[in-house]
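First the structure, in the form of structure tokens, and then the observations on it.
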Amino acid sequence: CRSPCVPFSGSFSYRSLAVLSGHVGSVSCLALCGEFILSASQGKDIIVWQQPDLRPFTKFGQGDGSVKALVTVGNKVFTAHQDSRIRVWKVSRRSENVFRLVDTLPTTKDYLGKFMKQSNYVQTRRHHKRLWIEHADSISCLAFYNGLIYSGSWDKTLKVWRISDLKCIESIKAHDDAINGLVAGNGIVYSASADGKIKAWGKEGKSSHCLKGILEGHKDVSLNSVIVSEDGRWVYGGGSDGFVMGWQGSCGDVQNQIESWKLVCETKAHQMAVLSMCLMGEMLCSGSADKSIGIWKREAFGKLCKVGIISGHEGPVKCLQASPNTVGGGFMLYSGGLDKSLRVWWVPKPSNNRAEETTEEKSIILC
């Protein structure tokens, strides 16, 4: 299906529940961490907001250049930076310093174990070599799956880190251009790139990752974001041409793992580039350079039905994060923009009964 970007006649009127300020630069990434929501920016600081009242709880951060990505795993937070390093923070309520820096990747131990051997060096550009465990450019995205952290970089590589000992165990020459997005689900890791492709990577047993498939986007169009449904069957990519493209995965014979993908949906979601996306059940949210957030409902065969548009940001919407907690028949959506603000929205689930939907709207506003 190829859907035009048309207004939805019965669209819901979304209202911002809060506008949180405090960042000195553009808000680049968001993550949920237990009772907290974390937001990072072009500055070094990561602001911790306490839920549910969304008051500033603390700040933490260290390194050179902006924070590009955040991912939380248990009591640890991993932050990716423009200086090509990943920092590991331990979260502990018992400590006065709740978010404490415990390591930087690659670790010193990893460096010392490899720097003496010539075969551990790779050519990154002319007359310049680095250890294969190092990224040669900004780390743009992070993903977590099954005890591993995946990092994607503008240096076109995908690296795999083992959480148990924080060791880099694999480096993959993944794309022909910068990697912009990563997501993992159902045994597959998807990387979205400025080369216009989403690549699917998987493991068989304890072996290294191998390429499982290539999901082709539009020609000469950068793919900036990638998401996957909870069951792993549906993959969506957001492009610089404003389209959201959807692929359906088909399982093979090996452990019910997806082995092939078919393009099933092309939706003109925005007038400018799609920069970010998130999924909450059957709802898909897309953030764009046109300063808006699109709300879509996933229907049969992966088709996207437009539910509404959220407006309010004064700059491109760089990141989105949905809360899994149900509130008043909907969910909380957090959005970060180049206008330096973090905004909070309540997104209701689509209802066939418009009167019921209106009642829900009034009740949540009164609360």
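Along the positive direction of the dipole of the chain (beta-carbon charges: Lys, Arg +1; Asp, Glu -1; about the Cα centre), which of TRP49, ALA174, THR108 reaches farthest?
THR108
Please identify, among LYS203, LYS212, LYS303, the residue showing maximal mean-square fluctuation in a Gaussian network model of the chain using a 10 angstrom Cα cutoff.
Among LYS203, LYS212, LYS303, the largest GNM mean-square fluctuation belongs to LYS203.
Put one equal scatterer on each alpha carbon of the range 113-206, apply the Debye formula with no solvent term, and list log10 I(q)/I(0) at q = 0.16 1/Å to two decimals.
Here log10 of I(q) over I(0) equals -0.66.
Based on the Cα atoms of the chain, what semi-axes does the equivalent ellipsoid have, where each is the square root of 5 times one gyration tensor eigenvalue, given in whole Å with the largest first? Display every interim value, and only then the final one.
Numbers: eigenvalues 221, 132, 65 Å².
Semi-axes from the Cα gyration tensor: 33, 26, 18 Å.
Quick one: grab the alpha carbon gyration tensor of the range 300-346, order the square roots of its eigenvalues as a ≥ b ≥ c, and give me rounded if a/c is under 1.5, else prolate or oblate depending on whether a/b is larger than b/c. Let's see the in-between values first.
Values: a/c = 2.21, a/b = 1.37, b/c = 1.61.
Note, shape of the range 300-346 comes out oblate.
Springs between alpha-carbon atoms under 10 Å, Gaussian network over the chain: tell me which of HIS175, HIS270, HIS127 tops the mean-square fluctuations.
Evaluated over the chain, the most mobile residue of the options is HIS127.
What is the magnitude of the charge dipole of the chain about its Cα centre, with +1 placed on the Cβ of each Lys and Arg, -1 on the Cβ of each Asp and Glu, and no other charges, expressed in debye to the nearest 20? It would help to have the intermediate numbers written out before the result.
Details: 45 positive and 34 negative charges, 172 e Å.
For the chain, the charge dipole is close to 820 debye.
For the range 133-229, what's the relative contact order in percent, using C-alpha pairs closer than 8 Å and at least 6 residues apart?
On the way: 242 pairs, mean separation 19.9, N = 97.
Contact order relative to length: 20 percent.
Kirkwood hydrodynamic radius for the range 28-132: how many Å is it when counted over pairs of different Cα atoms? Intermediate results must be reported in sequence, preceding the final value.
On the way: mean 1/r = 0.0656 Å⁻¹.
Across the range 28-132, the inverse of the average 1/r is 15.2 Å.
Grab the other residues whose beta carbon is less than 14 angstrom from that of CYS29, score K and R as +1, D and E as -1, and report the net.
On the way: positive: LYS44, LYS68, ARG87, LYS318, LYS340; negative: ASP45.
For residues surrounding CYS29, the net value is +4.
Provide Rg over Rh for the range 189-236; use the alpha carbon set for both Rg and the Kirkwood Rh (inverse mean inverse pair distance). Walk me through the numbers on the way to the answer.
Numbers: Rg = 11.7 Å, Rh = 11.5 Å.
Using Cα coordinates only, the ratio equals 1.01.
With the cut-off at 28 Å, tell me which of the pairs LYS76/LYS291; LYS59/LYS206; LYS219/LYS306; LYS59/LYS268; LYS159/LYS197; LYS199/LYS318 have Cα atoms farther apart than that. Before the final figure, lay out the partial values.
Working: LYS76/LYS291 32 Å; LYS59/LYS206 39 Å; LYS219/LYS306 25 Å; LYS59/LYS268 38 Å; LYS159/LYS197 18 Å; LYS199/LYS318 22 Å.
LYS76/LYS291; LYS59/LYS206; LYS59/LYS268, as the Cα separations exceed 28 Å there.
Taking only C-alpha pairs under 8 Å that are 6+ residues apart, what is the relative contact order of the range 105-166 in percent? Write out the running numbers ahead of the final one.
On the way: 74 pairs, mean separation 14.1, N = 62.
Result for the range 105-166 is 23 percent.
Restricting to Cα pairs below 8 Å that are 6+ residues apart, what does the relative contact order work out to for the chain? Please round to a whole percent.
Working: 988 pairs, mean separation 52.3, N = 367.
Relative contact order here is 14 percent.
If you take the Cα Rg of the range 197-306 and divide it by 2.2 N^0.38 Å, with N the number of residues, what do you get? Don't jump to the answer; show the numbers that get you there.
Details: Rg = 14.3 Å, N = 110, 2.2 N^0.38 = 13.1 Å.
That ratio works out to 1.09.
Before rounding to the nearest 500, sum -39500 (n - 2.57) across all DSSP H runs of length at least 4 in the chain and divide by the residue total; then give [θ] at 222 nm in deg cm²/dmol. Please report the intermediate quantities before stating the final value.
Working: 2 runs with 18 residues, N = 367.
Dividing the helical sum by the residues of the chain leaves -1500 deg cm²/dmol.
Does the range 74-165 come out rounded, prolate or oblate, given a ≥ b ≥ c as the square roots of the eigenvalues of its C-alpha gyration tensor, rounded meaning a/c under 1.5 and, failing that, prolate meaning a/b above b/c? All intermediate terms of the calculation are to be shown ahead of the outcome.
Details: a/c = 2.19, a/b = 1.81, b/c = 1.21.
Because a/c hits 1.5 or more and a/b exceeds b/c, the range 74-165 counts as prolate.
Given Cβ point charges of +1 (Lys, Arg) and -1 (Asp, Glu) and nothing else, what value in debye, to the nearest 20, does the dipole of the range 227-311 about its Cα centre take? Each step should come with its number before you reach the end.
Working: 8 positive and 9 negative charges, 64 e Å.
Charge dipole of the range 227-311: 300 debye, to the nearest 20.
Readers should treat all values here as calculations from the given coordinates under stated rules, not as data from a laboratory. Note that the coordinates shown come from a computational prediction; the quantities given were computed from them, not determined experimentally. As a convention, Cβ positions derive from the backbone with ideal geometry for all residues, glycine included, and neighbour counts pool all protein chains shown.
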